[in-house]
Amino acid sequence: MFIALSCIFLLGGCASLPDIRSVLHRPAATEKTPPTIVGAHRRLTARQSRAVIEKLKRQSLPTDILERHLAVEEVISGSPLVAGNRAALLIDGPATYAAMCEAIQNARDHVNVETFTLSFDEIGVGFADLLARKAAEGIQVNLIYDAVGSFATPAAFFEDVRCRGVQVVQFNPINRLPVFGRWPLMHRDHRKILIVDGAVAFTGGVNISRDFSRSPSEPFRKNDGHLAWRDTDVRIEGPAVAEFQKLFLDTWKREKGPELSRGNYFPELESEGDELVRVIGSTSGEKNRSTYLAYLAAISFATNSIHLTSAYFVPDGQTMRALTDAAQRGVDVKIVLPSRTDWKLTLYAARAHYSSLLRSGVKLYERRSAVLHAKTAVIDGVWSSVGSTNMDLWSFLRNDEVNAVILGPQFATQMEAMFEKDLEGSEAISLEKWERRSLGERMKELLSRSLGYWL
């Protein structure tokens, strides 16, 4: 086993993350120029874009997020800031499934699904049945699932779905041979995207699995020993949906999926609301770390508050510096982390960083009575992010990920209320108490931290 793992690690290479300093020192970071904003039918002029940002500034606390960071974020992501969207926050799995199923049931042209895990349980089977029923109605249904994320799901399950009219693509099959030093196990599709009729999109951290089917507010049932998983998705209507569609179709093409001859994938979209949305996608490799750079730049430009939830938190050196620097310059930095997880190494690797964070003034909390799986951020009461990206090297460096960045105090207020609810369900970690932990716990942290590059 040790030899096999060593081979995987060596073949995976030792890629590194980009230097955030080169991003922050770009001209866009020092010049307060308005970002490019695209509306329902056209690109806004510089004057119109400036007016949009000025309106946001009047509604928000003073922050560099709205000018300096947005200009940098545009260069980082290569994707526009899109106006005219409506965003609905979906705080747990049941709410997400209900909204997703309603959208699929109402589909009239196509349904595109991209997921890390599609489980062979009552939730996965029910979801697949719904997709197959829509395909039987003549709706074009396309499904991408990750080979590792859905490893426990029998191949016969996907073959049955395919036979019932759904076009199915397996992302990066694990029986592929290494190519140019890349090992298939190291590159995963961790995105969660649902697009219906090119007009509504969902993204976040929720997989299609029984784990996410119970609300964290439900009492723990000892008879089945099953804790609820606490996660977050967002439902988006409006012109930004086209950006999710582009990501899905790009993955479909890269994985050599069947030709998509049917479907109006890019319909004319009208303005649906007042939210500004940027869709940021990243792919495996050193040059495509858009979600990493966007997170780090937002933290670096924060003026007032940084409120994060992170399911798997194994920060690299730059992320640690950005968080501790923010706390030391007086920003209110709070991070909610899991107290229970499906991957113990990441739990202890996260805890190995607690002392440094706490000494710098970062406030840490561990979520009780649920498995925290959410990956969200709300910064300065105006910049919000919901997506699939964990704050660890596996997400930052190796996975295909996607995050929706939503600008505006209205959505951020909902995010802050959700964050406060998580704080109520969490235990604050004090430095004094943390320093009294046992030697055994410290040894687990040390061992897990040594494996941080692979977590």
task: Identify the single condition in (1) assigned by TED's automatic domain parsing to the domain that holds ARG329; (2) in contact with a helix residue (DSSP H, G or I) (Cβ under 7 Å, 6 or more places away or on another chain) that ILE104 does not satisfy, given that it satisfies every other one.
output: (1)
field: Test set (1) crowded, with 16+ Cβ neighbours inside 10 Å; (2) under 23 Å from the mean Cα position of the chain (by Cα); (3) free of Cβ contacts under 8 Å to residues at least 60 places away in the same chain - PHE116 fails condition number
entry: (3)
message: Can you list residue pairs whose Cβ atoms sit under 7 Å apart, with the first residue in region 93-107 being within 14 Å of ILE208 (Cβ to Cβ) and the second being surrounded by fewer than 20 Cβ atoms within 10 Å (Cβ to Cβ) and modelled with pLDDT of 95 or more? Count only pairs 6 or more apart in sequence or on different chains.
response: CYS101/LEU130; ILE104/LEU130
statement: All-but-one check, CYS7 against (1) outside any loop (DSSP other than H, G, I, E, B); (2) farther than 19 Å from ALA71 by Cβ; (3) modelled with pLDDT of 50 or more, failing number (3)
message: Would you confirm, using the coordinates I've provided, whether ALA374 is of a type in the set (Gly, Ala, Ser) and either in contact with a helix residue (DSSP H, G or I) (Cβ under 9 Å, 6 or more places away or on another chain) or surrounded by 23 or more Cβ atoms within 10 Å (Cβ to Cβ) (or both)?
response: yes
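Yes/no per residue for (1) of a type in the set (Lys, Arg); (2) in a strand (DSSP E or B):
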| position | (1), (2) |
| --- | --- |
| VAL111 | no, yes |
| ILE123 | no, no |
| ALA128 | no, no |
| ARG133 | yes, no |
| GLY138 | no, no |
| LEU143 | no, yes |
| GLY149 | no, no |
| ALA152 | no, no |
- request: Scan region 179-226 for residues that are modelled with pLDDT under 85 and on the phi > 0 side of the Ramachandran plot and jot them down.
  value: PHE180, GLY181, GLY225
task: Give the residue, chosen from PRO94, PRO154, PRO173, that is farther than 26 Å from GLU270 by Cβ and touching a Phe, Trp or Tyr at 6+ places or on another chain (Cβ under 7 Å).
output: PRO154
- prompt: Mind checking which residues of region 28-77 are part of a helix (DSSP H, G or I), touching a residue at least 40 places away in the same chain (Cβ under 8 Å) and either among the polar types (S, T, N, Q) or at positive phi (or both)?
  reply: GLN59, SER77
query: In region 404-455, which helices (runs of 4 or more DSSP H) lie fully inside it and hold 1 or more residues that are within 25 Å of the chain's Cα centre (by Cα)?
result: 409-424, 439-450
- prompt: So, in region 263-300, of the ones that are part of a loop (DSSP other than H, G, I, E, B), in contact with a strand residue (DSSP E or B) (Cβ under 6 Å, 6 or more places away or on another chain) and over 11 Å from PHE396 (Cα atoms), which residue ends up modelled with the lowest pLDDT?
  reply: GLY263
message: Residue under question is SER305, and the condition is that it be out of contact with any Cys (no Cβ under 7 Å at 6 or more places or on another chain), of a type in the set (Gly, Ala, Ser), assigned by TED's automatic domain parsing to the domain that holds ALA417 and at pLDDT 95 or above; does it hold?
response: yes
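Matching residues to (1) over 25 Å from GLY440 (Cα atoms); (2) modelled with pLDDT of 95 or more:
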site	(1), (2)
SER356	no, yes
TYR365	no, yes
HIS373	yes, yes
ILE379	yes, yes
SER385	yes, yes
SER388	yes, yes
SER395	yes, no
VAL405	yes, yes
ALA417	yes, yes
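Condition check ((1) more than 18 Å from THR232 (Cα to Cα); (2) touching a Gly at 6+ places or on another chain (Cβ under 6 Å); (3) outside any strand (DSSP E or B)) across all residues:
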{"residue": "ARG340", "(1), (2), (3)": "no, no, yes"}
{"residue": "LEU357", "(1), (2), (3)": "yes, no, yes"}
{"residue": "LEU364", "(1), (2), (3)": "yes, no, no"}
{"residue": "SER369", "(1), (2), (3)": "no, no, yes"}
{"residue": "SER385", "(1), (2), (3)": "no, no, no"}
{"residue": "LEU397", "(1), (2), (3)": "yes, no, yes"}
{"residue": "GLU401", "(1), (2), (3)": "no, no, no"}
task: Determine whether region 386-399 contains at least one residue that is more than 26 Å from LEU451 (Cα to Cα), surrounded by fewer than 24 Cβ atoms within 10 Å (Cβ to Cβ) and not β-branched (Val, Ile, Thr).
output: no
statement: Checked region 299-327 for anything over 23 Å from PHE202 (Cα atoms) and among the small types (Gly, Ala, Ser); matches are SER300, ALA302, SER305, GLY317, ALA322, ALA326, ALA327
query: Quick check: is even one residue across region 349-360 crowded, with 23+ Cβ neighbours inside 10 Å and under 17 Å from the mean Cα position of the chain (by Cα)?
result: no
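The values are calculated or read from the model by the stated rules, or taken from the named source; none is laboratory data. These numbers come from a predicted model, not from an experiment. Using ideal geometry, Cβ is built from the backbone for each residue, glycine included, and neighbour counts are taken over all protein chains shown.
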